[in-house]
Amino acid sequence: MSEDECVFCAIVRGEAESSVVHDDADVLAFMDLQPVTPGHLLVVPKTHAVGLEDLDVADGQKLWAVGHRLAKALRRSELRCEGINLFLADGRAASQEVFHVHLHVFPRFAGDTFRISADWREHERSELDETAAALRKTLANLTDGAQRKN
């Protein structure tokens, strides 16, 4: 999807309607058109990036910083908010629907209807260790300048 076809880029350019909550040089936050709870926000970098791997690290830091500030605002607002979810879907398999990186920030409260269903069973330590080793190996080979932690 090109920037010309991206609805979030159109919102950033002011060509599509939105209810803006935050706007700075790098990040825009606006109300989700299909909120899971009242106060559901979307935080987007103004530079088009399809997924996390395409997102500049500095833009990602700004995205999360704005998300953090908005979560604080939701908690202190008059909206019903007993908790917060930060949710970012990266890729079609992760349920990303708009292919411009975006962070969902939404209030939670007892009895709301939002659910994530999964197999929450505990896994064997050997399986977890094997997965951790595979990830450490990949981290060691990344060339994005991130430092490796053992």
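The values are calculated or read from the model by the stated rules, or taken from the named source; none is laboratory data. Treat the numbers as computed from the prediction; the structure is a model and nothing was measured. Cβ sites come from the backbone with ideal geometry, for glycine too, and all protein chains shown count toward neighbours. Remember, those area values only see protein heavy atoms, side chains included, never the ligands or the DNA or RNA. Shrake-Rupley method; radii C 1.70, N 1.55, O 1.52, S 1.80 Å.
The table that follows gives values for the structure above.
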{"read-out": "Extreme residue, farthest from the chain's Cα centre (by Cα), among residues of the stretch 92-125 that are open to solvent by less than 30 Å² (accessible area, probe 1.4 Å) and among the hydrophobic types (A, V, I, L, M, F, W, C)", "value": "F106"}
{"read-out": "Where a residue in the stretch 110-135 is aliphatic (A, V, I, L, M) and its partner, wherever it lies, is open to solvent by 70 Å² or more (accessible area, probe 1.4 Å), with Cβ under 8 Å and at least six apart", "value": "A110/E82"}
{"read-out": "Test result for V43, assigned to a strand (DSSP E or B), at pLDDT 95 or above and under 22 Å from R108 (Cα atoms)", "value": "yes"}
{"read-out": "Qualifying position, being assigned to a loop (DSSP other than H, G, I, E, B), open to solvent by 100 Å² or more (accessible area, probe 1.4 Å) and at pLDDT 95 or above, among R80, R136", "value": "R80"}
{"read-out": "Which numbered condition S18 fails, given (1) under 17 Å from the mean Cα position of the chain (by Cα); (2) open to solvent by 10 Å² or more (accessible area, probe 1.4 Å); (3) among the hydroxyl-bearing types (S, T, Y)", "value": "(1)"}
